[in-house]
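One structure is given below, encoded as structure tokens.
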Amino acid sequence: MLNATWLETFRILCRTGSATRAARALNMTQPGVSQHLRKLEGQVGAELVLRQGKGFVPTEAGRALRDLAEARHDEERALRDRLRGDDPDRGGMAIACSGSFALMLGPRLIAHAAPRPDLSVTLEAAPQRSIVEGVLSGRFDLGVLHADPAHSRIEAQPIGQEELCLILPRDASIPGGIDDLQERGLVGHPDAAMLADLLLGPNFVDHPGGDRLRQRMHVNQIGQIPLPVAQGIGWTILPRSGIDGSSSRDRLAICPLPVPVHQPLWLIGLAGRQRPSRLAVAEGIIRDTAALLDQTVSRYSSTVSSSDSSDM
């Protein structure tokens, strides 16, 4: 039998990606975490991680053991929940969505969890493919996608749509064409080119393609993307949740465009799984968040001066 304590240490190590963070999460020392890893490697007779600089990646054996550890963790959590009864204020919930949607969903989940000390909430911003894989593996209870995954083992429900927004500084004038945007420069991010093609393509006849837009800055963290725009640096394109959830939203303006573009929102979970009441509550919070985005109409600052948009 695998040592349950060593296996749990390895599970947390894989989740946190760092022996230091794993030690903190487990209330252990870093050498203690390393010792558990070595003992587990000795027990299974295989190397479990490959070190890369200050980090590591799991080996093939490590990935297999990590999946086993996650499966055991989920089974034990489900057993504890059944033994305690279906209490909506007790147990765990793991939710994954895009980074922009997480900006709006996060505060609502925090408000729900704060008065419920026996409720454990995990919210992870992840790529669409990782969300699907996480739901299939049981790592996530619920996920929010921009498309129906069309998978036989996944139950998917449309819950609304989210507007794509061309974001400018609050005092900026409406661009007359792509040249105006090119002069100002794009604040890029990992999805910027793809979103630019979705939004600018139908609205600007001279859109050169997302990969040919002049980039002024590049920001990788969703919460930081609007900040340079708010400071007057460039423009960007984000889903509305990335704006409404931003601390800089009062210094930003959403440019009105002739052809609005929306991304659908789909709530997914494992098909055939009877969801406990705490997940039914979580689903309600997710739906309410999506409804806010679906009902919101583009607002452009009244201080913005109009300009000729005939080229749009």
**Conditions (1) under 19 Å from residue 174 (Cβ atoms); (2) surrounded by fewer than 22 Cβ atoms within 10 Å (Cβ to Cβ): number failed by residue 212** = (1)
**Message:** What are the pairs with Cβ atoms under 8 angstrom where one residue, in the stretch 26-39, is among the hydrophobic types (A, V, I, L, M, F, W, C) and the other, located anywhere, is in a loop (DSSP other than H, G, I, E, B) and surrounded by 15 or more Cβ atoms within 10 Å (Cβ to Cβ)? Sequence gap at least six, or different chains.
**Reply:** 37/48
**Complete:** The residue that is farthest from residue 267 (Cα to Cα), considering only those in the stretch 138-195 that are touching an Asp or Glu at 6+ places or on another chain (Cβ under 6 Å) and assigned to a strand (DSSP E or B), is 161
**Prompt:** Residues in the stretch 51-62: is at least one assigned to a helix (DSSP H, G or I) and either of a type in the set (Lys, Arg) or more than 30 Å from residue 273 (Cα to Cα) (or both)?
**Reply:** no
**Message:** Condition check: at pLDDT below 90, surrounded by fewer than 15 Cβ atoms within 10 Å (Cβ to Cβ) and aliphatic (A, V, I, L, M). Does residue 68 satisfy that?
**Reply:** no
**Request:** Quick one: residue 222 ticks every box in (1) surrounded by fewer than 22 Cβ atoms within 10 Å (Cβ to Cβ); (2) closer than 22 Å to residue 146 by Cα except a single one, so which number is it?
**Result:** (1)
**Prompt:** Taking into account only those residues within the stretch 92-119 that are surrounded by fewer than 23 Cβ atoms within 10 Å (Cβ to Cβ) and assigned to a strand (DSSP E or B), which is nearest to the chain's Cα centre (by Cα)?
**Reply:** 94
**Message:** Can you tell me which of (1) surrounded by 14 or more Cβ atoms within 10 Å (Cβ to Cβ); (2) on the phi > 0 side of the Ramachandran plot is the one residue 150 doesn't meet?
**Reply:** (1)
**Message:** So for the stretch 203-216 (the condition being outside any strand (DSSP E or B) and of a type in the set (Phe, Trp, Tyr)), does at least one residue qualify?
**Reply:** yes
**Request:** Go over the candidates 235, 266 one by one and state the one that is assigned by TED's automatic domain parsing to the domain that holds residue 95 and touching an Asp or Glu at 6+ places or on another chain (Cβ under 6 Å).
**Result:** 266
**Message:** Looking only at residues that are among the β-branched types (Val, Ile, Thr) and surrounded by 18 or more Cβ atoms within 10 Å (Cβ to Cβ) in the stretch 9-23, which one is nearest to the chain's Cα centre (by Cα)?
**Reply:** 12
**Request:** Of all residues in the stretch 70-97, count the ones that are closer than 24 Å to residue 13 by Cα and either in contact with an Asp or Glu (Cβ under 9 Å, 6 or more places away or on another chain) or acidic (Asp, Glu) (or both).
**Result:** 13
**Asked** For residues in the stretch 122-147 being of a type in the set (Val, Ile, Thr) and in contact (Cβ under 8 Å) with a residue 60 or more places away in the chain, which is nearest to residue 240 (Cα to Cα)?
**Response** 144
**Item:** Residues within the stretch 75-91 that are closer than 30 Å to residue 30 by Cα and either modelled with pLDDT under 85 or not in a helix (DSSP H, G or I) (or both), tallied
**Value:** 4
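The values are calculated or read from the model by the stated rules, or taken from the named source; none is laboratory data. This one's a predicted model, so the numbers in the text were calculated from it and none came from an experiment. Cβ coordinates were reconstructed from backbone atoms using ideal geometry, including for glycine residues, and neighbour counts include every protein chain displayed.
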